[in-house]
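One structure below.
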Amino acid sequence: MKKLGAITIGQSPRVDVTPEMLPFLTEFQVVEKGALDGLGPEELAALAPKPGENVLVSRLRDGSQVTMSKQSILHLMQQRIDELQAEGVDVILLLCTGHFPSFDCNALLLEPDRILNNAVHGLLAKGKLGVFNPVPEQREASLEKWERDGLEVFTAAGSPYLPGDEIEKAALSLKEHDVDLILLDCMGYTEEMKRTVKQITGKPVILSRTLVARVLGELG
């Protein structure tokens, strides 16, 4: 059985994510690590985004939401990659859909951003794309990431980590734009959330975690 190292930008284990991915990963033994593992409140607060930095959102072990800057955790992600390589994993998966600079990694490193980018562009050559992000502060980066000639992008903010009706409200906002395809652009979105968005909008919806897991399953 191959050994898969899964790295969340939050804290591990991601009991809210990996159970929905495991049915596609039957040929892998999964080892989880988190960029924020072992950090206390003061250390976490120091990672908060500063003006001009890219905003990332994830989950702590206690289930609460955490917001950080991408720039502040790159060295922590590299540390987890190094640890997994030392443990002899065959494949490393980043449990985040954000775009990252190249990491130093000799193992096969799978980045959801690359998989999703090619999948979306393959499915929707032109038209209207709706993109879910956890927080409004990610809107500009999301537009920059997804807009291209022939593709009009509409974003909606709805956190997968907070209670309430954020997902429903975000889905209704995208419904008004009559988009052709919707991407839930965060590994925190669940299958239940996908069903909710699809029911409200009547549009096809890509769930990041299961699409990535299906691709990864091909390597088993």
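Mean residue ellipticity, 222 nm, helices only, the chain: the sum of -39500 (n - 2.57) across DSSP H runs of n ≥ 4, divided by residue count and rounded to 500, is -10000 deg cm²/dmol. Select from S69, S159, S102 the residue whose mean-square fluctuation is largest in a Gaussian network model of the chain (Cα-Cα springs shorter than 10 Å). Looking only at S69, S159, S102, the largest GNM fluctuation is found for S102. The long axis of helix 166-175 is offset from the longest Cα principal axis of the chain by roughly 40 degrees. The candidate values were [x] 16.8, 50; [y] 18.1, 63; [z] 18.6, 54; the one computed from these coordinates for Rg and Dmax of the Cα atoms in Å carries the label [x].
Rounded to the nearest 10 degrees, the angle from helix 191-201 to the longest Cα principal axis of the chain is 10 degrees.
Compute the length gained on full extension between E137 and E152: take 0.36 nm times their separation in residues and subtract their Cα-Cα distance, giving the result in nm to one decimal. Don't skip to the end; give the middle numbers.
On the way: separation 15, 0.36 × 15 = 5.40 nm, distance 1.94 nm.
That works out to 3.5 nm of additional length.
In this structure, the pairs whose alpha-carbon distance is over 31 Å, taken from K3/K198; K126/K169; K145/K203; K33/K169; K70/K194, are K3/K198; K33/K169.
When only alpha carbons are used to place a centre, the range 42-67 and the range 110-170 end up 20 Å from one another. Across the options A119, G40, G10, the greatest Cα extent toward the positive end of the charge dipole of the chain (unit charges at beta carbon of Lys, Arg, Asp, Glu) belongs to A119. For the range 34-96, GluC sites (Glu not before Pro) are listed when DSSP marks them as loop and at most 11 other Cβ atoms sit within 10 Å of their Cβ; the list is E87.
If you take every DSSP beta bridge fully contained in the range 94-220, what fraction is antiparallel? Give it as a percent rounded to 5. Walk me through the intermediate numbers first.
On the way: 1 of 15 bridges.
Just about 5 percent of them are antiparallel.
To the nearest ten degrees, helix 112-123 and the longest principal axis of the Cα atoms of the chain are 30 degrees apart. What is the percent carbon and sulfur in the accessible area of the chain, measuring with a 1.4 Å probe over the protein chains and ignoring ligands? Answer for the chain: carbon and sulfur cover 50 percent of the accessible area.
Exposed loop trypsin sites (Lys or Arg not before Pro) only (DSSP loop, at most 16 other Cβ atoms within 10 Å): please give the longest stretch of the chain free of them, not including the sites.
Working: sites that count: R61, K126.
Maximal segment without exposed cleavage sites: 127-220.
The values are calculated or read from the model by the stated rules, or taken from the named source; none is laboratory data. Everything quoted here is computed from the prediction, not taken from an experiment. Quick reminder, even Gly has a Cβ in these numbers, built from the backbone with ideal geometry, and neighbours come from all protein chains shown. Just so you know, the surface numbers come from the protein's heavy atoms only, side chains and all, with ligands and any DNA or RNA stripped out. Shrake-Rupley method; radii C 1.70, N 1.55, O 1.52, S 1.80 Å.
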